[in-house]
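This report refers to the structure that appears directly beneath it.
The values are calculated or read from the model by the stated rules, or taken from the named source; none is laboratory data. Predicted, not measured: the structure shown is a model, and the values here were computed from it. Note that each Cβ is placed from the backbone with ideal geometry, even for glycine, and that neighbours are counted across all protein chains shown.
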C-alpha cells in the first residue's frame, strides 16, 4: 500500500480527518510564527494588559503584562511540534535498535536486552526528563532525548514482539533458504512488515510526548523560560485564575486538541493499515 | 507456583539492583558537585576539599555506591547534602500525602473505568457506547494539570466549595480537612487515568464478547449477562490487570505534577525542589523510591496474572 493511498484512507475517516486538519493548521501556524505573529509575543505592554478576547486585535486577549495570548500560543506550538516529532524519531531509533537486538541477537544477548527493557520501562519518562534536566540543564535537546529514550523502551517491547513473530514466518525462512543475509532480511522483510505497527506506536508516542512536554514546561524544565510554551503559559496564568479564567483555558485547550489529534490519527492509521480491520468494514 | 514465585522474586531483586546502579550512575553525570553550592562563590580550594571529605565525595564511586546501597537496604536514604536532615524522615512525612493521593486516584480510576468500560463494550455501536468512547478519548487527551486547574476554577473559584490548594499544616490530625484538600487532586488524577483504563476495559470486554467460548455459553442458554459474569470477566481481567499496573506507575508520576498544581507537600513537590537545588543524595533516594515502587507493582501484576489465569500455572 502506497503512502498516498494510506493517507487517503485516513483522511476519509472523520477521526483521521480531524487529526490531519488540526495538526496541519498547527504546523502552518508554527511555521508562520517564525516570520510573523500578530503581536510580538515577548513584548510587555502595560497599556494593553488584561484585554478580553477580540479587543484591539488581540484575538485571545492579553495577560497581566500585555502579552498577546494568540501570538504566545503560535510560538508555543513550535516547541510542542518539534518535541513531538523529534522525540518520536529518537524513540523509533532506540526502539528499533533495542528491539532488533532483543529479537535477533544470540540467546544471552536477547535475554539481557529483554531484562534491560523491563528495568528501563520502570523509569518514568517525566522523572527521567527532570533528572536529565538537572544534570545537563534545561534545554529542548534534553527534553527530546529524555522523552525519546523514555518512550523508546516501550516501543522496543512492541518492536521485539513484532520482529519475533515475523522472523518465524515461512517467507522469511524462504528468503534465508534463498541465501539472503541477515541485513537483507531485516531491510526487505522485517522492517516493511513491522512498519505499520511501528508508525501507529509512534503517533501515540507523539501524543504522550505533547503531554509530557506540557508537564515539563509547567514545572519549569522546558527550553529557556523566556520563550513561550504551552505548559509555561499554564504555569504563569495559574496565579490569576480567579481574575482571568480564560487565560488558563487557551493553552490547556491547545494541548488537549493536539493530543487528541495525534491519538485519533493513530487510530485512523491503524484502521487504514490493518487488513483484519479493513475487511470487517 | 512456589518455584515460579521464587524465580520471579529473584528476578525482581536483580532488577532492583540494576535499577539502583542506573539511578546512582545517572546522577553522577552531574558536572560540578554540591560542595561548590554549599561553599559559595568565594570558597578556597581547602574549604571545598573539606566539604567534599565531610560529605564523602572524595571517595571512589564504587565506595560511595556501596555505602549508599547499604544504607538503603536498612531503610536509611542518607542525609541531605544541603542541610544535613535525614532523607528517610522527610520521605516518610511526604509519603503520608503522596500515598493516599496515588491510591485514592487509582481507586477512583477503577471505579470510573470498570462500569463505564463494560457498558461501552456491551452497548458497542449504540448511542451510549459511542458516547462513552468519545468522552474517554477526550479524557485521555486532557492534561492532568489542566483538568486540575479547571476543577479549581469551578469548585474553588466559582463555587467556593473546596480548597484550591494546600494541605493542613498538621497533616492528618484533622482528617476532615485533609480529605477536603485531596478531593480535587483525586478527581484530576482519577478521571484522566480512568479514561485510559476505560479504553482497555472496553476493548478487553469487546474481545471476550466475540470469543467462541462466550458464543458456546450463549448457545447453552445463558443470557449475555450470565455468560459474561460466569466466563467473560475473568478472561477480560487479564489485560486490564496489566494495564492497571502500568497505570499505577503513571499515577505516581502524575502525582508529581498534581502536587505542584495543588501545592501539596508530597514526594513530587519534594523532588521538584531537590532537583532545583541539585541535592544529589535526596534526588537519588526519591528517584530510586519511585522506580522501586514501579518494580514492586509489576511484580504484583505478574502474581495477580497467575492467580487469575490457571493456564499460566499449569504450563511452566
What's the total number of residues in segment A:112-136 that are closer than 30 Å to residue B:7 by Cβ and within 7 Å of another protein chain (Cβ to nearest Cβ)? 6
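Name every residue in segment B:148-169 that is exposed (fewer than 13 other Cβ atoms within 10 Å of the Cβ) and part of a loop (DSSP other than H, G, I, E, B), in order of residue number.
Looking only at segment B:148-169, we keep the residues that are exposed (fewer than 13 other Cβ atoms within 10 Å of the Cβ), and these are B:158-161, B:166, B:169.
Selection gives B:159, B:160, B:161, B:166, B:169.
Quick test for you: out of B:188, B:109, pick the one residue that is under 23 Å from residue A:208 (Cα atoms), more than 14 Å from every other protein chain (Cβ to nearest Cβ), surrounded by 14 or more Cβ atoms within 10 Å (Cβ to Cβ) and touching a residue at least 60 places away in the same chain (Cβ under 8 Å).
Numbers: B:188 fails: more than 14 Å from every other protein chain (Cβ to nearest Cβ).
One residue alone meets the criteria, B:109.
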Reported set for segment B:1-15 where residues are over 17 Å from residue B:310 (Cα atoms) and more than 24 Å from the chain's Cα centre (by Cα) is B:6, B:7
Residue check for residue A:150: at positive phi and within 14 Å of chain B (Cβ to nearest Cβ): no
Check on residue A:239, surrounded by fewer than 19 Cβ atoms within 10 Å (Cβ to Cβ) and more than 10 Å from chain B (Cβ to nearest Cβ): yes
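Only one residue in B:205, B:258, B:183, B:241 is within 14 Å of the chain's Cα centre (by Cα) and either modelled with pLDDT of 90 or more or crowded, with 17+ Cβ neighbours inside 10 Å (or both), so which one is that?
Working: B:205 fails: within 14 Å of the chain's Cα centre (by Cα); B:183 fails: within 14 Å of the chain's Cα centre (by Cα); B:241 fails: within 14 Å of the chain's Cα centre (by Cα).
Result: B:258 is the single residue among B:205, B:258, B:183, B:241 that is within 14 Å of the chain's Cα centre (by Cα) and either modelled with pLDDT of 90 or more or crowded, with 17+ Cβ neighbours inside 10 Å (or both).
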Would you check which residues across segment B:52-79 are exposed (fewer than 13 other Cβ atoms within 10 Å of the Cβ) and farther than 21 Å from residue B:19 by Cβ and list them? B:53, B:60
For segment B:201-316, give me every one of the helices (runs of 4 or more DSSP H) that falls completely inside it and has 2 or more residues that are in contact with a helix residue (DSSP H, G or I) (Cβ under 8 Å, 6 or more places away or on another chain), within 11 Å of chain A (Cβ to nearest Cβ) and within 28 Å of residue A:222 (Cβ to Cβ). B:233-261, B:267-277, B:280-308
